[in-house]
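Presented below is the structure to which this report refers.
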Amino acid sequence: MSNVTLRTRCMAAGVYDHGYVLAEERVADHTPGDGRPKKRLWRIRAGKILTATGAIERPLSFAGNDIPGVMLASAVRDYVVNWAVSPGDRTVVVTNNDDAYRTAIALKEAGLEVAAVIDARAEVTGALPARARALGIRIEAGRAIVKVKGGKRVSGVAIGVQAGEGAVLDEIACDAVAMSGGWSPVVHLWSHCGGKLDWDRKHAMFRPDATRPPITHDGSAMVIPAGACNGALTAAEALADAAEAGVAAVKALGLKAKTTPIGKAEVEEEAAMEPVWIMPQGAGPKLRMKMWLDYQNDVKVSDVQLAAREGYNSVEHTKRYTTLGMATDQGKLSNINGLAVLADALAEDIPAVGTTTFRPPYTPVTIGALAGESRGPIFQPLRRSPMHDWHEANSAYMEPVGLWRRPYCYPRAGETHEQAVHREIGNTRANVGLLDASTLGKIIVKGPDAGRFLDMLYTNVMSSLPVGKCRYGLMCNEQGFLSDDGVVIRLSDDSWLCHTTSGGAERIHGWMEDWLQCEWWDWQVFTANVTEQYAQIAVAGPKARAVLEALGGIDVSKAALPFMSFVDGHLAGIPARVHRISFSGELSYEIAVPAGQGLALWEALVAAGAAHGVMPYGTEAMHIMRAEKGFIMIGDETDGTVIPQDLGLDWAISKKKTDYLGKRGQARTYLASPDRWKLAGFETLDGSVIADGAYVVAEGVNANGQRNVQGRVTSTYFSPTLKKGIAMGLLRHAPDRIDEVVEFSVVGGGTVKARVVSPVFLDPKGEKQDA
């Protein structure tokens, strides 16, 4: 059919919410070196899922059922019929159902010897046993294999009465045993998303319960089983059930179902199977200790019975106590037999004991397939802003920021990086500078409960933020330590946009989803990480307003666009959102535009700013200017042990809110101690720059003989604006020690003296940024 894609060598590993299916295709694991990938992972979004995953034959539990040469009857049949391979010259078939007779007949018709069919049922009638008898095959009714003889391979079987305790009545020489304990529908994909099962007593199997299917977003059935996986085991039943399931699936998609007549399958009536969980049923301890349930984890019948005696009444507890079903096959062969043995030991019905949880993947998926293209040079793909090529064309020196590459500075011919940074700062302070801020995280938070959610996420109140306004916010982890910061804007009554640090967008988005999915799952909140959807440009400096006015389209006057507000409109004909915020301490605007138009706006700003002395500036100039203004930087002033109160950010913590993430942590004795190190500014007496990581030394030594310390540097630079070294850092009792002189350690020995000052070195009243 032209509208159907058949993908062979492909395994559906799991079904997830809303019709999401994960599938592993074995592309070229059988043809190594041909240039194709071994595996490919498919992520499929389906409206409806029709599963025709068949059924798995169950082994029987008798002593020695793990000896090489003991096989599933269907496997023996497949070897002979499909591949002309003989598993043995003389085979004994042991069964509790009619299907195994097909194996006996196939062996006989292939010219191989069938020593006997050992059937646990007291009466053996029906078409298939009759065919076997007609071929001269010996049938032993009501009998069981007491034990398999042999060590490294089968040499024979000892048989007895199934209803007995293991007395041997006869021995039969053979070199293969074909066993069949019935069939278990493959219900895994049905069960992954909550589909329930029903116990079919007639066939001794769990099958999908059509009244309790896995449901999708609209409450309708998401998975439709067909054929043997739905409990239709014979050919005629499977074909009829598949036709019915196909029509149901098409109709569920709102399409018209067109049916094609299918041929009638040859029908061979099968007699009822008889559930057999232990063979023989009264076997003593010595035999039970050799009856294997889980062949990979070596779990025996006696292990499950011991678990019941030890009080592990739950099937999940028994699974973990014995490791039943915890191997790579995840219990496909062993679980039903194990459940039945446990139910018998507990004197319970099998449905009352229940099943273990079916979890993806259906069969193991390689880590390589899951990783996919995330290897080699694209293991961590580099991220580039829309203006990246412009930066490189203009001699930008790039530095890594998270997975991004950002301009550190734009050195001109003959300039050192330090000289370039100082030039960029001087020009921004005197004229106007452009910063590519596209890497800042941008997360939309929307929904009826979005304000309530943000009030829990941030230390201050975001639900009261008026539409069109901006507010600086702090995020803490559960322990109370500062995790991220950024400006939040309110887009509408139920929508906010949260800015994060460049390296924190994915982390913070994951943090939001963790709380929404695991703790506040009933809150109506939706989040979207739109970081890469927008380019963002900072236009900073005393002439910034003049540059934007030259572009036209939006009134950016102080009256129309005051500090900490934003407006949507068009700049130079480009749809833009203009924020009146500043990280440099200067008159500043941050402009967000669709990523595809970021370069166009950047070039328009460069052209319009030429008359005003515009220059781009990089991340190092940004760092120094924010330090001159006393603005903190996540990752510099924070290290996972710092709380907002340490940084003098008490003003950003609501006194009215009853709770926020981290509030209780910050109330702990250690974090509330008055002796914690607090933020301060430092200026060396000789104008030099304090070394990164330097500590403020104190009197005496500790128990290890090391010099005591009372603070440390968090950020340190030479300020071209102030013409001297400045630093921000943490110091014990810092607010009470302004103008005090302290000493910092120097690598190689000695100290350098510095004066404790306010961390705001420039424009403490904020007059420049509010111009």
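The values are calculated or read from the model by the stated rules, or taken from the named source; none is laboratory data. None of these values were measured; they are calculated from a predicted model. Cβ atoms come from the backbone with ideal geometry, glycine included; neighbour counts cover every protein chain shown. We work out accessible area using only protein heavy atoms, side chains counted, and drop any ligands, DNA or RNA first. Shrake-Rupley method; radii C 1.70, N 1.55, O 1.52, S 1.80 Å.
Couple of notes before you dig in:
- Given (1) within 38 Å of the chain's Cα centre (by Cα); (2) surrounded by fewer than 20 Cβ atoms within 10 Å (Cβ to Cβ), number of the condition Val578 does not satisfy: (2)
- Among residues of the range 6-20 that are among the charged types (D, E, K, R), those with a beta-carbon under 9 Å from a residue that is in a strand (DSSP E or B) and at pLDDT 95 or above at least six positions away or on a different chain give the pairs Arg7/Ala23; Arg7/Glu25; Arg7/Trp42; Arg9/Glu25; Arg9/Arg26.
- Test: residue in the range 87-97 that is over 25 Å from Ala221 (Cα atoms), open to solvent by 50 Å² or more (accessible area, probe 1.4 Å) and not hydrophobic (A, V, I, L, M, F, W, C): yes
- Verdict on Ile118 being open to solvent by 30 Å² or more (accessible area, probe 1.4 Å) and within 16 Å of Met273 (Cα to Cα): no
- Test for Glu506: is it touching a strand residue (DSSP E or B) at 6+ places or on another chain (Cβ under 9 Å) and of a type outside the set (A, V, I, L, M): yes
- Hey, Gly111 over 24 Å from Tyr79 (Cβ atoms) and either more than 52 Å from the chain's Cα centre (by Cα) or open to solvent by 50 Å² or more (accessible area, probe 1.4 Å) (or both) or not: no
- The set of residues from the range 22-57 being open to solvent by less than 60 Å² (accessible area, probe 1.4 Å), in a strand (DSSP E or B) and in contact with a helix residue (DSSP H, G or I) (Cβ under 8 Å, 6 or more places away or on another chain) comprises Glu24, Lys39, Leu41, Ile49, Thr51, Ala55, Glu57.
- Scan of the range 646-665 for residues that are closer than 15 Å to Asn477 by Cβ, touching a helix residue (DSSP H, G or I) at 6+ places or on another chain (Cβ under 9 Å) and open to solvent by 30 Å² or more (accessible area, probe 1.4 Å), ordered by number: Asp659
- Any chance Gly414 is over 24 Å from the mean Cα position of the chain (by Cα) and among the small types (Gly, Ala, Ser): yes
- Being over 20 Å from Arg359 (Cα atoms), among the polar types (S, T, N, Q) and crowded, with 23+ Cβ neighbours inside 10 Å is a condition met by no residue of the range 198-215.
- Within the range 553-575, being open to solvent by 10 Å² or more (accessible area, probe 1.4 Å) and either touching a strand residue (DSSP E or B) at 6+ places or on another chain (Cβ under 6 Å) or β-branched (Val, Ile, Thr) (or both) holds for Gly553, Ile554, Met564, Phe566, Val567, Asp568, Ile574.
- Members of the range 666-691 found to be touching a His at 6+ places or on another chain (Cβ under 9 Å) and exposed (fewer than 15 other Cβ atoms within 10 Å of the Cβ), listed by number: Pro674, Asp675
- Candidates are the residues of the range 302-324 that are assigned to a helix (DSSP H, G or I) and more than 13 Å from Val341 (Cβ to Cβ); the one that is most open to solvent (accessible area, probe 1.4 Å) is Arg320.
- Elements of type strands (runs of 3 or more DSSP E) contained in the range 673-736, each with 2 or more residues being free of Cβ contacts under 8 Å to residues at least 12 places away in the same chain and not charged (D, E, K, R): 695-701
- Residue that is most open to solvent (accessible area, probe 1.4 Å) [pool: residues in the range 714-743 that are under 12 Å from Ala680 (Cβ atoms) and over 45 Å from the mean Cα position of the chain (by Cα)]: Asp736
- In the set (1) closer than 19 Å to Asp686 by Cα; (2) of a type in the set (A, V, I, L, M, F, W, C); (3) surrounded by 14 or more Cβ atoms within 10 Å (Cβ to Cβ), Val747 fails one condition alone, (3).
- Lone unmet requirement of (1) β-branched (Val, Ile, Thr); (2) open to solvent by less than 50 Å² (accessible area, probe 1.4 Å); (3) more than 20 Å from Arg406 (Cβ to Cβ) for Thr641: (2)
- Taking the numbered list (1) among the aliphatic types (A, V, I, L, M); (2) open to solvent by 20 Å² or more (accessible area, probe 1.4 Å); (3) in contact (Cβ under 8 Å) with a residue 24 or more places away in the chain; (4) touching a helix residue (DSSP H, G or I) at 6+ places or on another chain (Cβ under 7 Å) in turn, Ala248 passes all entries but (4).
- All positions within the range 598-616 that are touching a residue at least 24 places away in the same chain (Cβ under 8 Å) and open to solvent by 10 Å² or more (accessible area, probe 1.4 Å): Leu599, Ala600, Glu603, Ala604, Val606, Ala608, Ala611, His612, Gly613, Val614, Met615, Pro616
- Qualifying residue in the range 549-561 (condition: over 21 Å from Gly441 (Cβ atoms), in a helix (DSSP H, G or I), touching a residue at least 60 places away in the same chain (Cβ under 8 Å) and more than 23 Å from the chain's Cα centre (by Cα)): yes
- Residue among Ala450, Ala437, Ala413, Ala393 that is at pLDDT 95 or above, open to solvent by 60 Å² or more (accessible area, probe 1.4 Å) and in contact with a Ser or Thr (Cβ under 9 Å, 6 or more places away or on another chain): Ala413
- Residue identified as open to solvent by less than 20 Å² (accessible area, probe 1.4 Å) and not small (Gly, Ala, Ser) among Val421, Val365, Val353, Val401: Val421
- Test for Arg626: is it under 30 Å from Pro381 (Cα atoms), of a type in the set (D, E, K, R) and touching an Asp or Glu at 6+ places or on another chain (Cβ under 8 Å): no
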